[in-house]
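Participant: Pasting a structure below so you can have a look.
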Amino acid sequence: MQKIIALVCAALVAGTAAAAPGIPKGFLLYEKAAATKDRDPETNWKVSDSPKARFAVDPCGRGAVGKAGRVAARTVTFTGVPDFMKVEQVLLYGSKAAAEQAMAQVRAALSACGARSDSGAGYRYASTAVTGLGDDALKVSGQAYYGKKVGIGGDRSVVVRKGNAVLVYLRAGEYYKPVKRDWADQVKDATRMTAKICGIATCA
């Protein structure tokens, strides 16, 4: 699990740069926390403005999901020992159609790579639509399995499109069988960001 988180984190934070055009500094919910000096050697914050950052929900692991048509992006990533990670990602696209395409690619990847296995261990994804959140929203779970048994290690995310913006709130850690409360913080954060995203996105 630690290796998986390390690889995902590295892909997400690569390319740290100046503030992305169209996303004011400090706009994301966790930027203030990320900017606070952290003396704990077991925790780490990273902020990336790379428009090429890997989409936080990428079941196939190929890095192609939601890349086309981006005009700005910001990804805030927190990692903590031993296996905890949370990600906040705001992506702005050149048009509503491009943002819709990104959501379609997420769904296609969940369908194409919903189950992977290696030497008896596997990782499975599942998703459900969320109503009343943005223009289009999904709850996604990724979970480790050993044969037919649920194992320890998973991720829970909420992906939302509003106008030409796509938001992702993900948490990964020592999850077991998915339960509704696993998404409580992600839904809360996504709701807060959806309420303010039209300040920088085209929502009409």
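Participant: Rank these residues by their accessible area, most exposed first, probe 1.4 Å: PHE27, PHE84, PHE55. Write out the running numbers ahead of the final one.
Facilitator: Details: PHE27 25, PHE84 75, PHE55 0 Å².
Most to least solvent-accessible, the answer reads PHE84, PHE27, PHE55.
Participant: Can you find, among SER111, GLY61, VAL168, the residue sitting farthest towards the positive end of the charge dipole of the chain, where Lys and Arg contribute +1 and Asp and Glu -1 at Cβ?
Facilitator: Going by the charge dipole, the pick is SER111.
Participant: Something else: Please report the carbon-and-sulfur percent of the accessible area for the range 30-199; probe 1.4 Å, protein heavy atoms only, DNA, RNA and ligands left out. Could the numbers behind the result be given before it?
Facilitator: Working: 4140 of 8100 Å².
Carbon and sulfur: 51 percent of the exposed surface of the range 30-199.
Participant: At 20 Å minimum axial length over the Cα atoms and a Kyte-Doolittle cut of -0.5, report the qualifying DSSP H helices in the chain, or say none.
Facilitator: Numbers: long enough: 96-112 (24 Å, 0.27).
Counting only whole DSSP H runs, the qualifying helices are 96-112.
Participant: List, in the order given, every pair from LYS139/LYS188; LYS52/LYS96; LYS162/LYS196; LYS52/LYS196 whose Cα-Cα distance in the structure shown is over 22 Å.
Facilitator: Long pairs (Cα-Cα over 22 Å): LYS52/LYS196.
The values are calculated or read from the model by the stated rules, or taken from the named source; none is laboratory data. This is a predicted model, so every value here is computed, not measured. In this analysis, Cβ positions are derived from the backbone assuming ideal geometry, glycine residues included, and neighbour counts consider all displayed protein chains. To get the accessible areas, we keep the full protein, side chains included, count just its heavy atoms, and leave off ligands, DNA and RNA. Shrake-Rupley method; radii C 1.70, N 1.55, O 1.52, S 1.80 Å.
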